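Structure, as structure tokens:
The values are calculated or read from the model by the stated rules, or taken from the named source; none is laboratory data. Remember, it's a predicted structure, so these values are computed and weren't measured experimentally. Here the Cβ positions follow ideal geometry from the backbone for every residue, glycine too, while neighbour counts run over all protein chains shown.
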């Protein structure tokens, strides 16, 4: 399986369990690894034959920006579902980083894998 990746996608959203977090937008950072077979696209050199990562990023910016989840885990699961179901990807790894969530830590978040590797 080939992997098309999209890293460091920064999106503002309401996320968190504390009252103050429900009143502001915070930045989450997404890193995505998406399973694909790129041989057809490599041969044809046509965007129609591959996963359009610009379309993926646009969809996620729209969805995540409008969401108001409490847990990063829930957000990661929903992002994975969108990629698997709307873009026909058989496997995805989603990493969501909520920078600043833990004092003195540079990064904190979750990494999930969904689907099956062929």
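Please go through the stretch 67-78 and give me each residue that is within 13 Å of residue 22 (Cα to Cα) and out of contact with any strand residue (DSSP E or B) (no Cβ under 7 Å at 6 or more places or on another chain), ordered by number. Break it down into steps so the answer makes sense when it comes.
Taking the stretch 67-78 as the starting set, the residues that turn out to be within 13 Å of residue 22 (Cα to Cα) are 67-71.
Residues satisfying the conditions are 68, 69, 70, 71.
Could you check the stretch 96-118 and list, in sequence order, the residues that are part of a loop (DSSP other than H, G, I, E, B) and closer than 28 Å to residue 20 by Cα? Break it down stepwise before answering.
Of all residues in the stretch 96-118, those part of a loop (DSSP other than H, G, I, E, B) come to 98-108, 116-118.
Within the stretch 96-118, 98, 99, 100, 101, 102, 103, 104, 105, 106, 107, 108 meet the criteria.
Can you tell me which residue within the stretch 40-52, out of those that are part of a loop (DSSP other than H, G, I, E, B) and surrounded by fewer than 16 Cβ atoms within 10 Å (Cβ to Cβ), is nearest to the chain's Cα centre (by Cα)?
That would be 52.
If you take the residues in the stretch 72-95 that are surrounded by 13 or more Cβ atoms within 10 Å (Cβ to Cβ) and part of a loop (DSSP other than H, G, I, E, B), which one is farthest from the chain's Cα centre (by Cα)?
Per the stated criteria, the residue is 90.
Which residues, taken from the stretch 53-65, are in contact (Cβ under 8 Å) with a residue 24 or more places away in the chain, surrounded by fewer than 17 Cβ atoms within 10 Å (Cβ to Cβ) and farther than 13 Å from residue 33 by Cα?
Within the stretch 53-65, 55, 59, 61, 65 meet the criteria.
Based on what the data block shows, is residue 29 surrounded by 11 or more Cβ atoms within 10 Å (Cβ to Cβ), closer than 23 Å to residue 77 by Cβ and in contact with a helix residue (DSSP H, G or I) (Cβ under 7 Å, 6 or more places away or on another chain)? Before you say what the answer is, go through the steps one by one.
Working: surrounded by 11 or more Cβ atoms within 10 Å (Cβ to Cβ): yes; closer than 23 Å to residue 77 by Cβ: yes; in contact with a helix residue (DSSP H, G or I) (Cβ under 7 Å, 6 or more places away or on another chain): no.
Spelling it out, it is not the case that residue 29 is surrounded by 11 or more Cβ atoms within 10 Å (Cβ to Cβ), closer than 23 Å to residue 77 by Cβ and in contact with a helix residue (DSSP H, G or I) (Cβ under 7 Å, 6 or more places away or on another chain).
So residue 21 clears everything in (1) assigned to a loop (DSSP other than H, G, I, E, B); (2) modelled with pLDDT under 95; (3) surrounded by 12 or more Cβ atoms within 10 Å (Cβ to Cβ) except one condition, right? Which one?
Residue 21 satisfies every listed condition except (1).
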